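The values are calculated or read from the model by the stated rules, or taken from the named source; none is laboratory data. Just so it is clear, the structure is predicted and the values come from calculations on it, not from any experiment. A quick note on method: Cβ atoms are made from the backbone with ideal geometry, for glycine too, and the neighbour counts reach across all protein chains shown. All accessible areas refer to the heavy atoms of the entire protein, side chains included, with ligands and DNA or RNA removed. Shrake-Rupley method; radii C 1.70, N 1.55, O 1.52, S 1.80 Å.
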Amino acid sequence: MTRFKLSRRTVIRGAGTIAIALPWLEAMGGGRRARAQTTPVPLKRLVTVYQPGGAVRSGSIGDKYTPTGSETSFTLSPILAPLQPMQSRIIVADGLNLTCGDQSKYSVEQHQGGSVGLFTGGIQQGSGNYPPKMYPSIDQVLAPKLSAGKAYGSLQLAVRWATGKSHGKLSPMNALYFSDTAPIPPRLDPQDIFNTLFGSITGGTGGTGGTDPNALALMRKKSILDFVDKKYDALKTKLGTDDRTRLDQHLSQLRDLENRIVITTTPPPPMSACKQPTKVDTTGYNPTSALNSADDGSIKDTATDMKIPTVGQFMMDMLVMALACDKTGVISLQWTDTEAKHTFPWLNLPEHHHFYQHDGGFRPTECTAIQTWYSQMHLALLQKMQAIDMGGHSLLDESVVFFGSELAAPDSHAKNNMPVLLAGGTSATMRTGRWIKCGGVPHNKLLTSLLNLFGDTRTSFGDSRVDSSALKSPGLT
Amino acid sequence: MVKTAAPSGIALLTAFALSACVGNIGSEHTRATGGTSPVGTGGTPNTGGAAPIGGNGGSISGVAGDGAAGVTGTGGTGGAPVVLDCSATAPGRSPLRRLTTYEYNSTIRDLLGDTTNPGGALPAQVDSKQNLFGNDADEQSPSSLLIEKYQTVAESVAARATASTTALAKLHSCASSLTTSNEAACARMIATSLAPRAYRRTVATSEIDDLVALYTNVRALSTTMTFGSGVAAMIEAMLQSPDFLYRVELGKAVAGNTAVKRIAGREMATRLSYLFWQTMPDATLFQAADAGMLDTNDGVRQQAQKLLDDPKSHPTVAFFFDNLLPIPDLAGLTRDAATFPKWSSSIGSAMRTEVQRMLEYEIYENTAQSAPPYAPGSWPAILTAPYTFVNQSLFSYYGSATFAAGTSVTGTTLTKVNLNTSQRLGLMTLGGMTAGSTISSNTNPVLRGSFIINKLMCRNVELPVGFTPMAPDPYSGKTARERYSKHSSAAICAQCHQYLDPLGFPFENYDAVGQYRASEKWTDPMTNTTYDTPIDASGSVPGVSGSAKNAVELVQLLATSPEVGSCFASHWIRFAYGRSLADVDGCNQQTVVNAFKDAGYNVKQLLVAITQSDGFLYRPAQ
């Protein structure tokens, strides 16, 4: 039986590029949704996920990544096959070039240009450097809006981070997220993250709360921070412009912290979806193992590496619950870094990822195994998000998840045709279940389009030398 | 890293910018980050910096190439050195500096006796080419996570400092005889004693009042808030204050000059102690500051000498070299066990201590002229030192041929031994340096040359745009020189490699584990024939005439290069100033390098000379 389907485009044609939340008409659905929705689900959250090394597209075993078929009827390749249960919720985007990180066009390092440019659309200036003027990343651009009134403007989580030459330090080899002024260090210790985010989930009752120890601790913190705030204000008046600006940067972060205390003291009514995640034993995992790394990855920390799957699942659970508990609207997960110098004992791969990329000669089979495993992790994340009911719709429905890498492929380190996945939304906000061919355009256009999805109306993003006008058809909607 | 070329390599080469390799004499040094690329990693285009005074014709702030054919940069060799008019006081920038994690740890240790290194919980510091020593003030933009962690770390430090009556008594003896009526007074005594040390300056009564008010407010929150908790609140507040975390400098007025301020008193004490000891001033230094002894150039000089002579300066000098030289990871280097059965983690570790001990000895202890014509304790003497330090296990690792005839070493203590100077001479030929400058089981002369040209000569050699570096073809030669010959045969490569490779080839006599070899064994993978080819270790130093037939001769050429002396000085200046250098620092540079040269390039005198520069004695007015 054929169903008459209204194309969403039919309805909004003439409305330009502004995304309009439309009432869901059952006739618009492809029959895939289990429940009819009567109210639109606005996009409220951005999740970004990074994995290193690109995707295997050539070499002795051929292309293991690119789907086959057509835009709306496609078969996932071996690397993406684990995502099949969620195929209707993803967009596989082809033909996006990481132009801003292209070492054949700009004076960028072949990995660092990708890490520095992936979420910023900005151009690194020489290996080992940041751009002279920082480009903010899309998550930081959206944070003030998406996390307004929430305890955290944004959260960055990383697993087995800053390996190899970066020696545990924040550098262009592993920095993906940027404020207006600086790269943002991620949180590394899963136990510390748990204690910080979920340590006192009941929150305080606030006011003159007498005996509640949480409330007392919060009031004590507030007194101290009030004192400290005044010290910064007082000192600023004695300094010249330059130094005052530096102190202002510190003070603005301090005020975020003070704000968090206030929000935690008198929190909004808890979301019904909010539950304390199970605390996972991560003994053996050293979050700062990379402080003791060798440039070539030859110092192996097998005990830590063995725990990566466990820690990854724990991080994803905390990520999802941080959103469900409305602690933030912007969150990211970074799987290692561009050096990727850790091993994969659970995949029986004794060498580190970079070795299989090219240090030991390109090993497509091993790279495929690694990338396929990452797809399994991505599936787990999406399923966790789909399972959270935010009040008539799932967390995934109200989120956009953007999966990216700093390279197109591990052997060539090229930047054309990057592996990009998007997930989430509803068909009113982002049309998933598609394999779109963007035609070989700079990925800055994707960044602009992503911002547009959230109601940000800008028409460009990132370095002005790169075309960043929003994606034309086939786009995200 | 090296990798195979993409099939479209030729197309990429045609896009190569011919002016990419402008051997910048006088440009800011770059940090060759390990194996990021076979070519020295490029730096930010900058406005001058380390200029060789009386050197190779570079201008102080200009970009001068070596005048080699085909390089389209502004060329020029052998021009007259530029001498600046440095009569005006020109300190350059003095950006507000925050304590680094290292400094935070040592300051908390010295302030409160807390030896747990709590700074480990702070988020990763920003690392970049500009931030070689981790203390560049322009790379210290605070993140939200950092401020959050300052709070949690302060809480744990304060909790430890107030955990018991014994702990509290260390803050002030009044805490061992507390009563409800004298608690508040005791809190005041603790604040009065702690705040001036925490803030590294004198503190107004109103500031003490504010701290005591905080104590009172916190105690009033609940009857469960103890004296200790109230005092802890004061400590937490101090440790998060800008007066503690930042090195605030307001300076003193200078007669007839409103553009600059003099750094004096406790602000100078702070500059001196963080430069030489990477921690807060001790009581003696505070007293000297308060007595006005740091208000004159000579006074500063005398204190600098004193701090340098104190054992507390040794870790700072070691810290400097740990960040400049490829030695921190020696214990972790993995080498192919079949090819290098004698290599082990403990040998790597021992090699690191060998390098550190040799440097410490030459800089601090040596009074004899071990490396004529160079003065003891000088950088060129270090580069050409005919001795090293080994213990028994290193001695047997290297083998007796490494050392002067008749040398014998037993035991675990590092002992000074003379080298066989036909094989090795100076810092660069020590096992730790030659192993550390190799990132795999195969030597890479380009990486080693890149280290010298970037870090020891401060010449900025950039990775070319549009060019994917190609690994040497394994079939093309029995020695590294043959395999890398394309660098000189292809004009496009030669532009940069004509400087880099001749610096690295002489070190081919040292393999990936720092052992000496006169020939290189190589197996042709096609025929499985093994060749053993004598190594041609000839090379040269850009800007220095003459050629070397091996590393022993090369380091002697290197030691004569004024660029090398000037570059070493500029690293220390950057470490001391906590920022990169700009055009306006020409006089700072000139003052320091001239003094360094006059002192025969003595390292300790260099550090003292830095304290006599405008950039150290003054700051721009706020």
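Over the stretch A:374-477, what portion of Cα pair distances is larger than 18 Å, expressed as a whole percent?
Numbers: 2932 of 5356 pairs.
Of the Cα pairs, 55 percent sit more than 18 Å apart.
Between B:Phe403 and residues 5 or more places away or on another chain, which pairs have amide H atoms under 5 Å apart, with H built 1.01 Å from N, and which residues are they?
B:Asn420
Which three numbers, in whole Å and largest first, are the semi-axes of the equivalent ellipsoid of the stretch A:314-364 derived from its Cα gyration tensor as √(5λ)?
Working: eigenvalues 210, 29, 9 Å².
Equivalent ellipsoid of the stretch A:314-364: 32, 12, 7 Å, largest first.
Distance between the C-alpha centers of the stretch A:301-323 and the stretch B:183-257? Whole Å please.
Here the answer is 41 Å between Cα centres.
Pairs of alpha-carbon atoms within less than 8 angstrom and 6+ residues apart define the contacts here; what relative contact order does chain A have, in percent? Walk me through the intermediate numbers first.
Details: 970 pairs, mean separation 139.1, N = 477.
Contact order relative to length: 29 percent.
Please report how far the C-alpha centroid of the stretch B:572-614 lies from that of the stretch B:370-395, rounded to the nearest whole angstrom.
Here the answer is 24 Å between Cα centres.
Taking A:Lys133 as the anchor, which lysines have their alpha carbon closer than 22 Å to its alpha carbon, excluding any fewer than eight residues away along the same chain?
Straight-line reach from A:Lys133, under 22 Å: A:Lys105, A:Lys169, A:Lys445, B:Lys129.
Do you know the relative contact order of the stretch A:157-300, to the nearest whole percent, from alpha carbon pairs under 8 angstrom that are 6+ apart?
43 percent
Given only helices, namely DSSP H runs of n ≥ 4 each adding -39500 (n - 2.57), what is the per-residue ellipticity at 222 nm of the protein assembly as shown, to the nearest 500 deg cm²/dmol?
-10500 deg cm²/dmol
Mind giving me the FRET efficiency for B:Thr533 and B:Ala491? R0 is 25 Å, r the Cβ-Cβ distance, nearest 0.05 is fine.
Working: r = 27 Å, r/R0 = 1.07.
Efficiency, rounded to the nearest 0.05: 0.40.
Could you tell me the accessible area of B:Val254 in Å² (1.4 Å probe, neighbours in place), rounded to the nearest ten?
Accessible area of B:Val254: about 40 Å².
Counting only other chains, what is the mean number of Cβ atoms within 10 angstrom of the Cβ of each residue in peptide A:152-165? Before the final figure, lay out the partial values.
Values: counts 2, 1, 1, 2, 4, 0, 1, 0, 0, 1, 2, 0, 3, 8.
Taking the mean over all residues of the peptide, I get 2.
Please find the FRET efficiency linking B:Ala259 to B:Leu84, where r is the Cβ-Cβ separation and R0 is fixed at 22 Å, and quote it to the nearest 0.05.
On the way: r = 18 Å, r/R0 = 0.81.
My answer for the efficiency is 0.80.
Over all directions, how big on average is the projection of the convex hull of the alpha-carbon atoms in the stretch A:76-185, in square nanometres?
On the way: hull surface 37.2 nm².
Averaging across all directions leaves 9.3 nm² for the Cα convex hull.
About its Cα centre, how strong a charge dipole does the protein assembly as shown have in debye, to the nearest 20, once Lys and Arg get +1 and Asp and Glu get -1 at the Cβ?
Details: 93 positive and 88 negative charges, 479 e Å.
Roughly 2300 debye for the protein assembly as shown.
Any chance you could look up the accessible area of B:Thr339 with a 1.4 Å probe, heavy atoms only, rounded to 10 Å²?
90 Å²
Using Cβ-Cβ distances only, list the Cys residues of chain A with no partner cysteine under 4.7 Å, sorted by number.
Isolated Cys, chain A: A:Cys100, A:Cys367, A:Cys438.
How crowded by other chains is B:92-99, given as the mean number of beta carbons from other chains within 10 Å of each beta carbon? Show your work: numbers first, answer last.
On the way: counts 0, 1, 3, 4, 10, 2, 3, 0.
Taking all residues of B:92-99 together, the mean is 3.
If you split all Cα-Cα distances of the protein assembly as shown into 10 Å bins from zero, what percentages do you get per bin, shortest first?
Reading upward from the zero bin: 2, 10, 18, 22, 20, 16, 9, 3, 1, 0.
Give me a single rounded figure for A:249-258: the average over its residues of other chain Cβ atoms within 10 Å of their Cβ. Don't skip to the end; give the middle numbers.
Values: counts 5, 12, 3, 3, 9, 8, 1, 3, 6, 1.
Mean partner shielding for this stretch: 5.
Taking the Cα-to-Cβ direction at A:Thr68 and at B:Gln369 and moving 7 Å from each Cα, how far apart do the two end points lie in nm?
8.1 nm
Calculate, in nm to one decimal, what A:Ser464 and A:Ala148 gain on full extension: separation in residues at 0.36 nm each, minus their alpha carbon distance.
On the way: separation 316, 0.36 × 316 = 113.76 nm, distance 2.85 nm.
Going from the current span to full extension adds 110.9 nm.
I'd like the accessible area for A:Thr343: 1.4 Å probe, protein heavy atoms, all chains in place, Å² to the nearest 10.
About 10 Å², ignoring ligands and nucleic acids.
How many Å³ per residue does the convex hull of the Cα positions in the stretch B:502-587 occupy? Spell out each step's value before the answer.
Details: hull volume 14.2 nm³, N = 86.
Per residue, the Cα convex hull of the stretch B:502-587 comes to 165 Å³.
Name the longest site-free stretch of chain A, where the excluded sites are trypsin sites (Lys or Arg not before Pro) in a DSSP loop with no more than 14 other beta-carbon atoms within 10 Å. Can you show the working numbers first?
Working: sites that count: A:Arg3, A:Lys5, A:Arg13, A:Arg32, A:Arg35, A:Lys133, A:Lys238, A:Lys275, A:Lys279, A:Arg458, A:Arg465, A:Lys472.
Maximal segment without exposed cleavage sites: A:280-457.
Anything in chain A that counts as a DSSP H helix reaching 18 Å or more along its axis (C-alpha) with Kyte-Doolittle mean of at least -1.0? List them, would you? If you can, show how the numbers build up before the last one.
Working: long enough: A:213-236 (35 Å, -0.32); A:241-265 (35 Å, -0.98); A:308-324 (23 Å, 1.46); A:364-386 (32 Å, -0.24).
Helices meeting the criterion: A:213-236, A:241-265, A:308-324, A:364-386.
Roughly how compact is chain A, stated as its Cα Rg over 2.2 N^0.38 Å to two decimals? Kindly include the intermediate steps, with their values, before the conclusion.
Values: Rg = 22.5 Å, N = 477, 2.2 N^0.38 = 22.9 Å.
Output field value: 0.98.
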